[in-house]
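Chemist: What follows is a single structure, and I will ask about it in a moment.
The values are calculated or read from the model by the stated rules, or taken from the named source; none is laboratory data. The model shown is predicted, which means the values in this text are computed figures rather than measured ones. Glycine also receives a Cβ, built like all others from the backbone with ideal geometry; neighbour counts cover every protein chain displayed. Remember, those area values only see protein heavy atoms, side chains included, never the ligands or the DNA or RNA. Shrake-Rupley method; radii C 1.70, N 1.55, O 1.52, S 1.80 Å.
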Amino acid sequence: MNLSYPLKNYSWQQLARPMLLLSMGVHGLLLFIPMPTHELETVKKEKAQDQVKITQLPIADSPKVSKKSTTSSAVKAPINRQNTSSIINRNVVSQPATKPSSQVTSSKTTKTTPQVLAPSKEVATLPNPNNLNQAFGDFPKYINSQPGSLGLFKAPLDQTSQQTKDEITTVAQYFERELKAREYNVISAKNETDIKVFEVTKSNTTKFLNLIAYNGGTVIVLASEILNPDNLTNVAKASPEEEAFIGILDQINFENIDQPDIYLSDPSLFYSKFGEGKDGFYEVVQKSNTTGTIRLIPNQLPEQVFSTIFASTLKSSGFEVIPQGQYGGGKVYQVKQGTFVTYLNLVPTADRQSTVVVSWSSMPN
């Protein structure tokens, strides 16, 4: 008697089909399983590190003084920080007390004088004396601007920028003129019909003034990078703690590093690009998770820099400082306050005579 078994009639190809379908079903279910918490936190941190940080622009108008017409070389005189108070006091004392009517008339005349397109030699804006210790403490406010972004950003982020109905060319001319009058280094980083960007530097701090033509006016944004369609949706306001940390760096006497290979034993640990580019110019690009400019403190070793400069200043400003190991041959310190966390890296130069200061948004590795 011949016995027959059903399995004998099935080829291996026929058996593979249901197994393939079963495998696809299992992998499909895995897509719906929630990602572990620590992985989600890592993704959030990476997104936060890539955010463009917006600096709060000045809200109130700075006090103004009128000057007699003079040459353009004398524009910077009213911004002399040492003489500001004495100039104002001398003007007040010298005004005759017996002619109140002439004082009122003079005040009205000053208020009605057009200022938007007025040349700097006629009207100069004095900086806010409370902010003079900050690198951007005397940053000018566009005269016809109000807080807001004409709908470019959602509230409350839009209140960090300013808006005006004036055309972008007029706004750009104003800022280029006024920033130079306040001794900012101003470089045109982008000059298009709908967006104009100035790279603005003072006291070794660099930011980007973005002017964007939008909704029939101009939006004024001071940010850490040049804004573009790719990063415009990933912006955040710099926290007070972050601004305080930046302020501490700004007050220290640094030097910029133009050629990293002169100062660092291994510049590739800190720079993604350095050296001569295709056009023959020396190009320097910092790693993406560095924050601010990599700088040099000459003639002081890292231990001396930390103990005499950073330790007491950070502590008095409310920051907690925790050693985190080493990177690039120098110690790394975690600096935190509230939700703000950064990593301060003090690296000895190749000749062991000076210190390179690097700030990281995440622990370097």
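Chemist: Return the only residue of Thr342, Thr355, Thr290 being surrounded by 12 or more Cβ atoms within 10 Å (Cβ to Cβ), within 15 Å of Ile248 (Cα to Cα) and among the β-branched types (Val, Ile, Thr).
Modeler: Thr342
Here is a yes/no grid of residues against (1) open to solvent by 50 Å² or more (accessible area, probe 1.4 Å); (2) part of a loop (DSSP other than H, G, I, E, B):
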{"position": "Ile220", "(1), (2)": "no, no"}
{"position": "Leu227", "(1), (2)": "no, yes"}
{"position": "Asp230", "(1), (2)": "yes, yes"}
{"position": "Asn253", "(1), (2)": "yes, yes"}
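Chemist: Follow-up. Tally the residues that are buried (at least 22 other Cβ atoms within 10 Å of the Cβ) and not small (Gly, Ala, Ser), restricting the search to region 143-174.
Modeler: 6
Chemist: Quick check on region 182-197: of everything there that is without any contact (Cβ under 8 Å) to a residue 24 or more places away in the chain and assigned to a strand (DSSP E or B), which residue is surrounded by the most Cβ atoms within 10 Å (Cβ to Cβ)?
Modeler: Top of the filtered list is Val186.
Chemist: Okay, next question. Identify, from the list Ala244, Ala311, the residue that is outside any loop (DSSP other than H, G, I, E, B) and either among the aromatic types (Phe, Trp, Tyr) or touching a residue at least 40 places away in the same chain (Cβ under 8 Å) (or both).
Modeler: After applying the criteria, what remains is Ala244.
Chemist: Follow-up question, since we're still on this one. Tally up the residues in region 201-218 that are without any contact (Cβ under 8 Å) to a residue 24 or more places away in the chain and open to solvent by less than 10 Å² (accessible area, probe 1.4 Å), please.
Modeler: 1
Chemist: To continue, here is another question. Is region 257-268 home to any residue that is open to solvent by 70 Å² or more (accessible area, probe 1.4 Å) and within 18 Å of Thr205 (Cβ to Cβ)?
Modeler: Yes: one or more hits.
Chemist: Just give me the residues in region 236-251 being open to solvent by 40 Å² or more (accessible area, probe 1.4 Å), closer than 17 Å to Ser203 by Cβ and not aliphatic (A, V, I, L, M), in sequence order.
Modeler: Selection gives Glu243, Gln251.
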